[in-house]
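Each remark here refers to the structure printed beneath this line.
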Amino acid sequence: MSPRFMMVDPAHYAVSYAINPWMSPRLWQADSEGLHAAARAASANLADALRLAGAEIEMVAGHPGAPDLVFPANAATLLDRRVLLARFLHPERRVEEPVFARAFAALRERDLVDEVAELPEGAVQEGAGDAIFDAGRALFWAAHGQRSNRQGLEAVAGFFGRETVALELATPKFYHLDTCFCPLPGGEVLYYPQAFTAEGQGLIRDRVDASQRIEASDEDAARFCVNAVAIGRTVIMAQAAERLRATLAERGYRVVDIDLAPFILSGGGAYCMTLRLDRAAVEPASLHRAA
Ligand code: ARG
């Protein structure tokens, strides 16, 4: 079974409002046609890289008036074919909720997922952007403090019945967990410490052995390289600095980097342009090992 990812066609992508410090509608407007063409190419390159790494892509149609729909990591949290739909903090993105709800209903009809649920009243939670399952440690790392609230985080913990480590995000620049935290298949965690409160940094150090912590530099974080998709030993990310590429290579990973500049202009990179649909608590590889 190949890994399967949702992506969204960038036909209606633009930077038309600013809900994070990376977004500049003014910069977008200065060359909206050129940037739109570049975005289409970048999205196609990402899809190609995923396919080359063995993945299948479910491409969802874009929707007018919902430019950030291209970031499906924020649509839902998903594990073992169970989907917990997101609720966005900003009204600019709440318009995406019914669009994604329809997309997941269609996936259920095709038997690609089993269950699609909604968050309880009062919970705000921006999906797999803020709740990342770490298969090796069998737990969710989940953020609060920027886009998602504590209730949202508790809802993820309750719905999936999994241990959930609550990490508070310290700065609006790193407003989703996926901008600053990326567990890798070999057990390493690539992360940007400064994005977390001192307590959050402590929780990460408690759970992840020093030998498995890979600290991203300011430059890596600003290039959105922590926002990466790992498939086996292939790590797909926005244009990486040489040092990060070398660090990952030493640990047996091959970095495939893609120019995602038009999406970084909205505060997103490779991970948030995708949503892993077959995310499972027990990876097939470990099932094989156990057999
Ligand atoms: N403009 C989008 C927002 O601010 C970008 C989202 C990127 N997603 C992510 N998980 N980092 O919501």
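Restricting attention to region 1-60, the residues being part of a helix (DSSP H, G or I), within 19 Å of the chain's Cα centre (by Cα) and among the hydroxyl-bearing types (Ser, Thr, Tyr) number 1.
Taken together, the residues in region 220-262 that are farther than 14 Å from Val189 by Cα and of a type in the set (Ser, Thr, Tyr) amount to 1.
Say whether the condition of being without any contact (Cβ under 8 Å) to a residue 60 or more places away in the chain and touching a Lys or Arg at 6+ places or on another chain (Cβ under 7 Å) is met by at least one residue in region 27-50. Reasoning before the result, please.
Narrowing region 27-50 to residues without any contact (Cβ under 8 Å) to a residue 60 or more places away in the chain: 29-34, 37, 40-41, 44, 47-48.
Right, trim to touching a Lys or Arg at 6+ places or on another chain (Cβ under 7 Å) and you get none.
Within region 27-50, none of the residues are without any contact (Cβ under 8 Å) to a residue 60 or more places away in the chain and touching a Lys or Arg at 6+ places or on another chain (Cβ under 7 Å).
Taking the listed residues Ala138, Ala142, the one that is at pLDDT 95 or above and either away from the ligand (no atom under 14 Å from the Cβ) or under 20 Å from Phe224 (Cβ atoms) (or both) is Ala138, with no other qualifying.
If you check Thr171 against the conditions, is it within 15 Å of the ligand (Cβ to nearest atom), more than 25 Å from Ala117 (Cβ to Cβ) and open to solvent by 30 Å² or more (accessible area, probe 1.4 Å)?
Numbers: within 15 Å of the ligand (Cβ to nearest atom): yes; more than 25 Å from Ala117 (Cβ to Cβ): yes; open to solvent by 30 Å² or more (accessible area, probe 1.4 Å): yes.
Against the criterion (within 15 Å of the ligand (Cβ to nearest atom), more than 25 Å from Ala117 (Cβ to Cβ) and open to solvent by 30 Å² or more (accessible area, probe 1.4 Å)), Thr171 qualifies.
Considering region 63-133, the qualifying strands (runs of 3 or more DSSP E), each wholly inside and each with 1 or more residues that are within 15 Å of the ligand (Cβ to nearest atom), within 23 Å of Ala47 (Cα to Cα) and in contact (Cβ under 8 Å) with a residue 12 or more places away in the chain, run over 76-79. Residues of region 12-33 that are open to solvent by 30 Å² or more (accessible area, probe 1.4 Å) and either more than 13 Å from the ligand (Cβ to nearest atom) or among the polar types (S, T, N, Q) (or both): His12, Ser16, Arg26, Leu27, Gln29, Ala30, Asp31, Ser32, Glu33. Screening region 201-277 for strands (runs of 3 or more DSSP E) wholly inside it with 1 or more residues that are open to solvent by less than 60 Å² (accessible area, probe 1.4 Å) and within 16 Å of the ligand (Cβ to nearest atom) returns the ranges 229-231, 234-238, 254-258.
The values are calculated or read from the model by the stated rules, or taken from the named source; none is laboratory data. Computed from a predicted structure; not experimentally measured. As a convention, Cβ positions derive from the backbone with ideal geometry for all residues, glycine included, and neighbour counts pool all protein chains shown. Accessible surface areas use protein heavy atoms only, side chains included; no ligands, DNA or RNA. Shrake-Rupley method; radii C 1.70, N 1.55, O 1.52, S 1.80 Å.
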